[in-house]
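Here the structure is laid out as structure tokens; the discussion comes afterwards.
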Amino acid sequence: MKRILLLFLLTVYPVAASSADDAQTSQNRPHWSFELKGGLFYPSIGNWKQFYGDDSTPQYGLAFSYKILRMLEFGIEGDYIQDNGQGFAPTHGTVAGNVTYKLYPINIFVLIRGIINENQWVVPYVGGGYTYMYYREQIQYQSTISGHTDGIHGRAGLQFLLDGLDQSAADSFYRDIGVYHTYLFGEVQYCRALVNTSSGSVNLGGWSYIGGLLFEF
């Protein structure tokens, strides 16, 4: 009888310990995300390469979000996009001199991350939401054109856990700053934001291919 009881205790103990660890992890899980990102923006405006020399332009951004649940979060993102060209102002619809074209999209989004446990190496995610698009065109020898419009966007990507590359550094990062996890991520995003011009509606959005670092704390 004593042997049976001892065997039972040895069997149950690891499960109980694991359950206690899971409970502790659940209580101490990260609640916020911060992203630093950059990549290339491919505008939906036709003949972009003809007037700006390439079919893409750099894009940089920051994102900050709160985790309602471990897999579900709500956030805001701000981006900066600029290109310099000659001969055409996209939203003005006229021939111009040198043009500096800038976009400042602000995204409010909901994101779902496919995370099952805290040590998961690869985490897929999808999301989308509302976009506020501010634009500004500085045209040589002409007045500056600026305005804003509303739109929508969607995104999908993969994030790769970096903690295991240097666990001691990751532990120090948590103790010193409170960062639970650091990820490298790649993302594809599409935005649609229409503005009316003298020649019809123009979509100021397009496709973005972005990479960056994600910090959970």
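All of the numbers you see were taken from the coordinates with simple rules; none came from a lab. On a predicted model such as this, the values are computed, not experimentally measured, just so you know. Positions of Cβ are backbone-derived with ideal geometry, glycine not excepted, and every protein chain shown enters the neighbour counts.
Placing R0 at 25 angstrom, the Cβ-Cβ distance between Y130 and S201 gives a FRET efficiency of 0.85 after rounding to 0.05. By the count of neighbouring beta-carbon atoms within 10 Å, fewest first, K37, K67, K49, K102 end up ordered K49, K102, K67, K37.
Under 15 Å from the Cβ of S172, count the other residues' Cβ atoms, weight Lys and Arg +1, Asp and Glu -1, and hand me the total. Here the charged neighbours net out to -3.
Ranked for footprinting exposure by Cβ neighbours inside 10 Å, fewest first, I76, I145 give I76, I145. Mean silhouette area of segment 31-216, derived from the convex hull of its C-alpha atoms and averaged over all directions, reads 11.1 nm². The modelled label-to-label distance between T100 and V188, using points 7 Å beyond Cα along the C-beta direction, is 3.4 nm. At an R0 of 35 angstrom, the distance between the Cβ atoms of D54 and H148 translates into a FRET efficiency of 0.85. The Cβ shell under 13 Å around E137 holds other residues with a net charge of +1, Lys and Arg each +1, Asp and Glu each -1. Does segment 142-182 come out rounded, prolate or oblate by the C-alpha gyration tensor, with a ≥ b ≥ c the root eigenvalues, rounded set by a/c under 1.5 and, if not, prolate when a/b is larger than b/c and oblate if not? Prolate, since a/c reaches 1.5 and a/b exceeds b/c. Ordering M133, M71 by the number of other Cβ atoms within 10 Å of each residue's own Cβ, fewest first, gives M71, M133.
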